[in-house]
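The values are calculated or read from the model by the stated rules, or taken from the named source; none is laboratory data. Being a predicted model, the structure only gives us computed values, none of them experimental. Cβ coordinates were reconstructed from backbone atoms using ideal geometry, including for glycine residues, and neighbour counts include every protein chain displayed. Just the protein is used for accessible areas: all its heavy atoms, side chains included, with ligands, DNA and RNA removed. Shrake-Rupley method; radii C 1.70, N 1.55, O 1.52, S 1.80 Å.
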Amino acid sequence: MLLIMNGFEKDNLLEQEEAMLKEISEEITRFGCERKNLIPILQMVQGRHAYLDAKVVEMVADYLDLAVCEVYGVATFYNQFRFHPPGKHHIKVCLGTACHVRGGSIILENFERKLEIKDGETTPDREFSIERVACVGCCALAPVAVVGEDVHGKVAPSKVEGLILGFQIEKEKRAREEGQKDG
Amino acid sequence: MDENSQVSRVASAYAAIREQAKKSRAELLKEVVPRIHVGLATCGIASGALETKQAFEETLFQRGVEARIHTMGCIGHCYAEPVVIISNPGFPPIFYQNVTPGKAKMLVRSFLEKGDPLFEHLLGATEENEMIPQVWDFPRFSQEKRIVMEKCGIVDPENVDDYIAGGGYQALAKALDMDRDAIVEWITSAGLRGRGGAGFPTGLKWDLAKKASGSSKTIICNADEGDPGAYMDRTILESNPHQVIEGIAICAYAVGAAEAIVYVRAEYPLAVKMVTEAIVQAKKRGFLGKEILGSSLDLEIDIFQGSGAFVCGEETALIRSIEGHRGMPEHRPPFPVEKGLGGKPTVINNVKTLASIPPIVEHGPDWYRKIGTEKSPGTAIFSVVGDVLHAGLVEIPMGVPLRSLIFDICGGVPNKKAFKAVQIGGPSGGCLPADFLDTPIDFDSLISAGAMMGSGGMVVMDEDACMVDVARYFLEFTQNESCGKCTFCRIGTQHLLNILERITKGEGREGDLEQLESLSRDIKAGSLCGLGKTAPNPVLTSLKYFRDEYEAHIHEKRCPAGMCRSLTAFYIDLEKCARGCDACVGCCPVEAIFTTKNRKKGVDQTLCVKCGECVQACPPEYNAVVRVSPPELAPIIERAE
C-alpha cells in the first residue's frame, strides 16, 4: 500500500515539475534575451515556484545564452534565491541587530529544536522550513518571526511552541475532514 | 519671451491638476461622518493593524454606525502600533495607541456612539483644542523636526490626489520653471549631504553628472536598505512614495536624465507595491512620461528589485547587480556620475536624499541651511530600537545630542535598567558608551567618535548587553555579506569572527586582543569598498570603549553582562523558590527543570539551553531564578529520589 502511495506521489511530483517547466518556458519569453534580465527572470521563477529548480536554471541559462555556472554564480550570490522547495509553512526568523539583542537566536534555536531541522532545511513532510534572514524591518517588535506572510512580533520561546502546535492541529483537522469525506 | 511662455505653461498646468485633486478630495470629505485612520505599513500590519481594521469594519456594521475607514502609512511611532487616529465631528482628531481589536470595538461603542473618547486609552489630540492634551506637547512629537517624513502617516500613499492637494509636486512645477544650473546651485548652497551614510555633498554629485558628457543619463534611487536594524527607507516608500518620485523628477531635470530606476529590496514587498502604484498614478496625472507639465522634461521610472546583498548598497556593486552580474564593487574612478549604468553617467542617491529635495526647492536653500548644523544642515532620520521605551523612527535636526534623542525623545531605557551603549550606523558603525551621550549627532562628530551615520540604524543597549557578543554579531553579518573580491575583507573578517567566537565561548587566549586590532587595521587598509573599510568598526570601537569586557571573557572566562551563553548558567535560589509552584516548569522548552525533595525546583545544567524563559515565568514576588557567570558559580541542586 505504502509503495503504491509513494509511486503515485512520485508520478504526481514529476507531473508537477513538467507543468512548472512548461509554464516557465512560456513566461520567460516576456523578457528580452539581454543579460540584465537575468535577476528579474530568476525572481519571476522563484515568485511562482518558491525555489529555483536545477532544470529551470539550465533553461534560464539557455535562454540568455549564458553558461549554467554563470547563472548559478549570480543566483548563489544573492540571499533571495533558494534551490530547494520550501515547506508549506516557511518560517523566517529575523536576526537583525534589534532581534539579536533581544534574543532572536534563541527563537531560531527553538524552531530548530521543535521541528528537528536546521536553518535552511525543510521537514521531511514538507510542512515546515526554516530560514534566518538579516532584517525584515520591524525592529521595534523584536524579536520577529515571519511565518508564510504573517509577521509575528515579540516572539517568546513559548510562542514558538504555540505557533507550531496551531499548525499541527490544523493539519490534523484537515486530515480528519478528508478522512470523513473518503469514508 | 519663449522662456516666459513656458513658465506660465508649467505653472498653469500644475494649478489645474491641483485644483482637480482638491476637488476630488473635497468630494471625499464632503460627508460629515467620523473618520478612522488606520496605519497600515509593514510594522503596523505586524502588530495586528489588519485585525484592528477588520474589527472596526465589523463593529461599525453590527452597530449600524456610519463612519469611514481610511488607511495611511506609518508615522514612525512603532512602539504605539497599531496606531489609529479618529476624527469624530465635534472632537479634535485623536491619536490612539496599541489599538487591539477589543479596543477597536470599545471605541466604536463609546466614542462613536456615545461621544466618550475614552481618555484612558488615548495618547493625545493632533490639533489644538480645549478638551484633550495635544500630542505635540509630548517630547516624542515636539522635539522632532520633520522634513522628509513630514507627510508619512498623514497622506494616503495609495492616492496621489491626497499628496497633490496638500501641495505635492508643487516643488517639481517650481523647479521646471527654474534654470537647471540654478537648481544644482540651490542644492549645493543648501549643503545637502547624501543620506546613504557617507555624507557626500549631493549638489557636487549633481553638478558632476550635469557636466558629464553623454545624452542618456540615469538616476538611481537607492532603496537597498541592507543594514539589519534600519527601516526608514522602507517606511518612506510605503507611506509617502510620491515625495521620492518628485525628488527623482527634479533631479532628472537638473542633471538632464530621461530614465530613472528605483532599486528597492525584494524583501520589502509592500514598498515595491506602493512605489509601483505611485508611479502609475503619477504618470496618470502627468508628473511622469513625456513633456511633463508641458515642459521639455521626459522621464520614465522603472523598478528593480534588489535580491538581498548588503554590498549592493555600494554604488558600483549596485550597478553591477542591475546589469545582471554578481554585485561586486569596482575601482573608482571612474565614478558612476561619469561612467555608471551601461557606461552612461548615473546619479545614485539614497531615498532620504531624494525625499529631501522637494522641501528644499519649495522653501529655498537658506531655509534648509537654518536647520541642523553648519557642516551638516538638515535633518537626520534614525530608527531607534533595542532597549528603549518609545522605539521607532525619529527625524531630528542634525546636531541634537545623543542624550536628548535617546532619553528625552525616545523615553530612555525601560525596566529601570542602566544605559550601557548605543550602536550607531549598523555593521559599519560603532558602539559608543555613556561618555559620548553629549556628542552632537552629525556626520563628522560621529566619525571622530569612531562610529558613523551609516544608514541611521541606532540600537540602544542596556546593562544586559554584552559588547563582545554584539561585535561578534556584526562580524558574522559582514563576513557573510563580504562579496569576496578583496582578500583582506574575505579572509580577514573570517579570522576576526573566529577569534571573537572563541572569546565568547570562553576560549580566548593571550594576544587575541592585539591580533584583533592589527587585523582590523589591515582589513581597513586592504579593502576596496565601504563594506570592508568599515567592517572592523564594531570591533575597534568596542575594544576601545569596553576593553575590560573583552578581558573578563579572556582571563576570567566570565561574561559581565551574562549574555554569552557558554559562559553563563541559570539556577533557582531555593531560599526564594515557592514550594509547589510550577510556573517555570511549563515554560521550559527542553524540560530541564525538575522538582527537589522539598518540592522546590532545580535546573538540570546538562539539559538547559539558557534561553531565559524561566526568568520571565518566575512570578515577580519570588524572583527566584538567578543568572550567573561563569557557570561554575551555580550551586549543584539534587533531584528528588
Item to complete: Select from region B:32-47 the residues that are away from chain A (no Cβ under 14 Å) and at pLDDT 80 or above and list them in ascending order.
Response: B:V33, B:P34, B:R35, B:I36, B:H37, B:V38
Discussion item. Could you tell me how many of the residues in region B:569-580 are of a type in the set (A, V, I, L, M, F, W, C) and buried (at least 16 other Cβ atoms within 10 Å of the Cβ)?
Written reply: 4
Discussion item. Give all pairs with beta carbons closer than 9 Å in which a residue from region B:75-98 that is over 21 Å from B:V388 (Cα atoms) and of a type in the set (D, E, K, R) meets a residue that is at pLDDT 90 or above and crowded, with 23+ Cβ neighbours inside 10 Å; count only pairs at least 6 apart in sequence or on separate chains.
Written reply: none
Practice prompt. Return the only residue of B:P329, B:P334, B:P345 being within 26 Å of A:L42 (Cα to Cα) and away from chain A (no Cβ under 11 Å).
Written response: B:P329
Item to complete: Sort out which residues of region A:34-70 are open to solvent by 80 Å² or more (accessible area, probe 1.4 Å), more than 10 Å from chain B (Cβ to nearest Cβ) and not in a helix (DSSP H, G or I), and write them in order of number.
Response: A:D65
Worksheet item: Do any helices (runs of 4 or more DSSP H) entirely within region B:154-210 hold 1 or more residues that are in contact with a Gly (Cβ under 9 Å, 6 or more places away or on another chain) and open to solvent by 50 Å² or more (accessible area, probe 1.4 Å), and if so, which?
Response: B:180-190
Response to the item:
Looking across region B:293-320 at residues that are part of a strand (DSSP E or B), closer than 30 Å to B:D179 by Cα and not β-branched (V, I, T), the single one that is least open to solvent (accessible area, probe 1.4 Å) is B:L299
Worksheet entry | Which listed residue, of B:K370, B:K339, is farther than 24 Å from B:G256 by Cα, surrounded by fewer than 24 Cβ atoms within 10 Å (Cβ to Cβ) and not acidic (D, E) | B:K370
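How many residues does region A:82-102 contain that are facing chain B (nearest Cβ under 7 Å) and either part of a loop (DSSP other than H, G, I, E, B) or within 13 Å of the chain's Cα centre (by Cα) (or both)?
We begin by selecting, within region A:82-102, every residue facing chain B (nearest Cβ under 7 Å); these are A:96-98, A:100-101.
Retained after the next criterion (residues that are either part of a loop (DSSP other than H, G, I, E, B) or within 13 Å of the chain's Cα centre (by Cα) (or both)): A:96.
Adding up the residues that qualify gives 1.
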Response to the item:
Checked B:E549, B:E556 against criteria (of a type in the set (D, E), open to solvent by less than 30 Å² (accessible area, probe 1.4 Å) and touching a residue at least 60 places away in the same chain (Cβ under 8 Å)); the one match is B:E549
Worksheet item: What number of residues within region B:55-76 are closer than 18 Å to B:L270 by Cβ and not hydroxyl-bearing (S, T, Y)?
Response: 6
Item to complete: Scan region B:581-623 for residues that are open to solvent by 60 Å² or more (accessible area, probe 1.4 Å) and within 29 Å of B:I554 (Cβ to Cβ) and jot them down.
Response: B:Q605, B:T606, B:L607
Worksheet item: Which residues, taken from region B:464-499, are more than 14 Å from chain A (Cβ to nearest Cβ) and either of a type in the set (F, W, Y) or not in a loop (DSSP other than H, G, I, E, B) (or both)?
Response: B:T487, B:F488, B:C489, B:I491, B:G492, B:T493, B:Q494, B:H495, B:L496, B:L497, B:N498, B:I499
Item to complete: Output the residue which, of all residues in region A:93-140 that are in contact with an Asp or Glu (Cβ under 7 Å, 6 or more places away or on another chain) and basic (K, R), is nearest to B:C611 (Cα to Cα).
Response: A:K114
Discussion item. I'd like to verify a number: residues in region A:110-131 that are at the interface with chain B (Cβ under 10 Å from one of its Cβ atoms) and surrounded by 21 or more Cβ atoms within 10 Å (Cβ to Cβ), how many?
Written reply: 1
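Of all residues in region B:229-258, which are of a type outside the set (S, T, Y) and within 13 Å of another protein chain (Cβ to nearest Cβ)?
B:G229, B:A230, B:M232, B:D233, B:R234, B:I236, B:L237, B:E238
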Fill in: region B:417-444 - residue that is more than 12 Å from chain A (Cβ to nearest Cβ) and in a strand (DSSP E or B) and, of those, most open to solvent (accessible area, probe 1.4 Å)
B:P440
